[in-house]
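Visitor: Got a structure for you, written out below as structure tokens; questions coming shortly.
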Amino acid sequence: MSVVIVIPARHASTRYPGKPLVELRGATGAGLSLIRRSWDAACEVQGIERVIVATDDERIRDHAAGFGAEVAMTSPSARNGTERCAEAVANLGLSPEIVVNLQGDAPLTPAWFVEELVKGLRADPGADVATPVLRCSGAMRSELIADRVAGRVGGTTAVFGHDRRALYFSKEVIPFAAADFGPNDPTPVFHHVGVYAYRPAALAEYPAWGEGRLEVLEGLEQLRFLERGRRILCVEVEARGREFWELNNPSDVPKLEAMMQRMGIA
């Protein structure tokens, strides 16, 4: 019943080249790289057998190995983090119960997000993949809308049915709601948190399917599973007072640093 976390990291990001090595300063003023902070977040998760950084870049490999991470080298041809995870698992000959993809641009991911994700996938044998979603407050929804109005790709939103099976994911803010919401009001919009738990069989099949039409249009790797009829379970998680944001653009660096300072994260 083993669970492994793979952190896919590439240097040649289209939107933010060299992103895994970008330094983020926490509450004490100490600077740690994005990949180091993501590794630290992964190591806080309970019930994990191994944490592996998967990369195709020697700079990231050497940096990660320098702070004690296990590193798996993968091909530059991997088109996204899911393909890189699949390749790392295959190359290492692993056969875990569940593989978790903790993307390297989400260093503020709380440990309980991943723990709830694994618990949810274990409880739903019909699901091939599970991913966490966080109900947006009025303030978070407004931030997402402001990003889109400014032409920035910010967070991703998710819509799902009564059984929590995903219907769609988008970089647009969906579903549309005409109502006004106060900053602290709950809204019908769910922020998709970029973490995935896969059953190994579904993960192994993924690279051979090729990119899907919607996946290419939205730039969202999880849509390939939906386009192939695979079931994704959306697991609602609680923030518990924690702030959460992903590093998608250079403008997100001060936002993340401010969040770490407010939360006292060193």
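Visitor: Hey, does region 167-182 have a residue that's at pLDDT below 95 and among the β-branched types (Val, Ile, Thr)?
Guide: No, every residue in region 167-182 fails to be at pLDDT below 95 and among the β-branched types (Val, Ile, Thr).
Visitor: For region 35-77, what are the residues that are closer than 12 Å to Leu102 by Cβ, part of a helix (DSSP H, G or I) and not polar (S, T, N, Q)?
Guide: Those that are closer than 12 Å to Leu102 by Cβ, part of a helix (DSSP H, G or I) and not polar (S, T, N, Q): Ile35, Arg37, Trp39, Asp40, Ala41, Ala42, Cys43.
Visitor: Report, by residue number, each residue of region 88-115 that is in a loop (DSSP other than H, G, I, E, B) and closer than 27 Å to Leu32 by Cβ.
Guide: If the condition is that a residue be in a loop (DSSP other than H, G, I, E, B) and closer than 27 Å to Leu32 by Cβ, then Gln103, Gly104, Asp105, Ala106, Pro107, Leu108, Thr109, Pro110 are the ones that fit.
Visitor: Consider region 83-118. How many of its residues are over 14 Å from Ala9 (Cα atoms) and either among the acidic types (Asp, Glu) or open to solvent by 20 Å² or more (accessible area, probe 1.4 Å) (or both)?
Guide: Within region 83-118, residues that are over 14 Å from Ala9 (Cα atoms) and either among the acidic types (Asp, Glu) or open to solvent by 20 Å² or more (accessible area, probe 1.4 Å) (or both) number 10.
Visitor: Also, I was wondering about something else. Is it the case that Glu49 is of a type in the set (Asp, Glu), open to solvent by 50 Å² or more (accessible area, probe 1.4 Å) and farther than 19 Å from Ala266 by Cβ?
Guide: Yes.
Conditions tested, residue by residue: (1) crowded, with 19+ Cβ neighbours inside 10 Å; (2) within 19 Å of Gln103 (Cβ to Cβ); (3) among the basic types (Lys, Arg); (4) modelled with pLDDT under 95.
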residue	(1), (2), (3), (4)
Val189	yes, no, no, no
Ala201	no, no, no, no
Phe225	yes, yes, no, no
Val235	yes, yes, no, no
Glu246	yes, yes, no, yes
Ser251	no, yes, no, yes
Leu256	yes, yes, no, yes
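Visitor: To continue, here is another question. Among the residues of region 153-174, count how many are loosely packed, with under 15 Cβ neighbours inside 10 Å and either more than 21 Å from Tyr16 (Cβ to Cβ) or not β-branched (Val, Ile, Thr) (or both).
Guide: 5
The values are calculated or read from the model by the stated rules, or taken from the named source; none is laboratory data. None of the values given here were measured: they were computed from a predicted structure. Cβ atoms come from the backbone with ideal geometry, glycine included; neighbour counts cover every protein chain shown. Please note that ligands, DNA and RNA were not included when accessible areas were found on the heavy atoms of the full protein model with its side chains. Shrake-Rupley method; radii C 1.70, N 1.55, O 1.52, S 1.80 Å.
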